[in-house]
Amino acid sequence: MTQDKQAAAAGPHMAAALKEAEDARSAGEVPVGAVIVRGGKIVARAHNRVERDNDPTAHAEMLAIREACGVTGAARLPDCDLYVTLEPCPMCAQAISFARIRNLYFGAFDPKGGGVDHGPRIFQQPGCRHAPEVYGGIAEREAAALLKDFFAERR
């Protein structure tokens, strides 16, 4: 699938993830949002809640996976797709693998903390038991701008 077709297919779902990221920013959290889609419908949505929950694992992806598992009543989500505004970190990439997510669509690349296209590249490791199809750079400008603006305000 070409980058243009990927972006078109991801459009409304990535827009929902961006809305979640904006909600995170409004709450003083690092602006990352995620949605999980099954059969074309959003079954879970979340944004970072690390500060609110005093929980370093309260990343958007982790929270969305937990919610989706609760909604579906299953520990694995092989017929689900994850849309997230930032390249997942290594922790989240492992959770995505363990959950058996089918497709991963992400916005901004994360050269410092990413675990998919950067850093340990979790899905390329020999011990990785499941690797989703990965489509990076979807709505990258919008996702990166949210992060850049958030951190500029903090300085």
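The values are calculated or read from the model by the stated rules, or taken from the named source; none is laboratory data. Note that this is a predicted model, so its numbers are computed, not measured. Neighbour counts run over all protein chains shown; Cβ positions are idealised from the backbone, glycine included. The accessibility values were calculated without ligands, DNA or RNA, using every heavy atom of the protein model including side chains. Shrake-Rupley method; radii C 1.70, N 1.55, O 1.52, S 1.80 Å.
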Open item on the list: Condition first: surrounded by fewer than 17 Cβ atoms within 10 Å (Cβ to Cβ), among the hydrophobic types (A, V, I, L, M, F, W, C) and in contact (Cβ under 8 Å) with a residue 12 or more places away in the chain. Now tell me which residues in region 67-76 satisfy that.
Closed with: Val71, Ala75
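Looking only at residues that are open to solvent by 40 Å² or more (accessible area, probe 1.4 Å) and more than 20 Å from Ala21 (Cα to Cα) in region 82-100, which one is nearest to the chain's Cα centre (by Cα)?
Residues of region 82-100 that are open to solvent by 40 Å² or more (accessible area, probe 1.4 Å), as a first pass: 90-91, 94, 98, 100.
Subsequent filtering for residues that are more than 20 Å from Ala21 (Cα to Cα) retains 94, 98, 100.
Details: Gln94: 12, Phe98: 15, Arg100: 14 Å.
Filtering region 82-100 for residues that are open to solvent by 40 Å² or more (accessible area, probe 1.4 Å) and more than 20 Å from Ala21 (Cα to Cα), the one nearest to the chain's Cα centre (by Cα) comes out as Gln94.
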Task: In region 127-145, residue surrounded by the fewest Cβ atoms within 10 Å (Cβ to Cβ) [restricted to those that are farther than 17 Å from Val32 by Cβ and over 14 Å from the mean Cα position of the chain (by Cα)] - done: Gly127
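Would you say Glu22 is acidic (Asp, Glu), open to solvent by 30 Å² or more (accessible area, probe 1.4 Å), over 27 Å from Pro126 (Cα atoms) and touching a residue at least 40 places away in the same chain (Cβ under 8 Å)?
On the way: acidic (Asp, Glu): yes; open to solvent by 30 Å² or more (accessible area, probe 1.4 Å): yes; over 27 Å from Pro126 (Cα atoms): yes; touching a residue at least 40 places away in the same chain (Cβ under 8 Å): yes.
Here the answer is yes, as Glu22 does meet what is asked.
Those residues that are farther than 16 Å from Leu146 by Cα, in contact with a strand residue (DSSP E or B) (Cβ under 6 Å, 6 or more places away or on another chain) and open to solvent by 10 Å² or more (accessible area, probe 1.4 Å), I need them from region 101-111; list them, please. Reasoning before the result, please.
Keep residues of region 101-111 that are farther than 16 Å from Leu146 by Cα, which gives 101-105, 111.
Retained after the next criterion (residues that are in contact with a strand residue (DSSP E or B) (Cβ under 6 Å, 6 or more places away or on another chain)): 101-105.
Within region 101-111, Arg102, Asn103, Tyr105 qualify.
If I go through region 112-121 residue by residue, how many of them are open to solvent by less than 20 Å² (accessible area, probe 1.4 Å) and within 18 Å of Ala58 (Cβ to Cβ)?
Residues of region 112-121 open to solvent by less than 20 Å² (accessible area, probe 1.4 Å): 114-116.
Subsequent filtering for residues that are within 18 Å of Ala58 (Cβ to Cβ) retains 115.
Going through region 112-121 one residue at a time, the tally reaches 1.
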Open item on the list: So Asp79 ticks every box in (1) over 15 Å from the mean Cα position of the chain (by Cα); (2) touching a residue at least 60 places away in the same chain (Cβ under 8 Å) but one. Which box is left unticked?
Closed with: (2)
Task: For Pro56: the one exception among (1) open to solvent by 40 Å² or more (accessible area, probe 1.4 Å); (2) within 20 Å of Pro90 (Cα to Cα); (3) in contact (Cβ under 8 Å) with a residue 24 or more places away in the chain; (4) not hydrophobic (A, V, I, L, M, F, W, C) - done: (3)
Task: Among (1) of a type in the set (S, T, N, Q); (2) surrounded by fewer than 16 Cβ atoms within 10 Å (Cβ to Cβ); (3) under 24 Å from His13 (Cβ atoms), the one test that Gln124 misses - done: (3)
Open item on the list: Cβ contacts < 6 Å: first residue closer than 18 Å to Ile65 by Cβ, restricted to region 102-115; second residue of a type in the set (Phe, Trp, Tyr) and modelled with pLDDT of 95 or more, any location; separation 6+ or different chain. Result?
Closed with: Tyr105/Tyr83; Tyr105/Tyr135
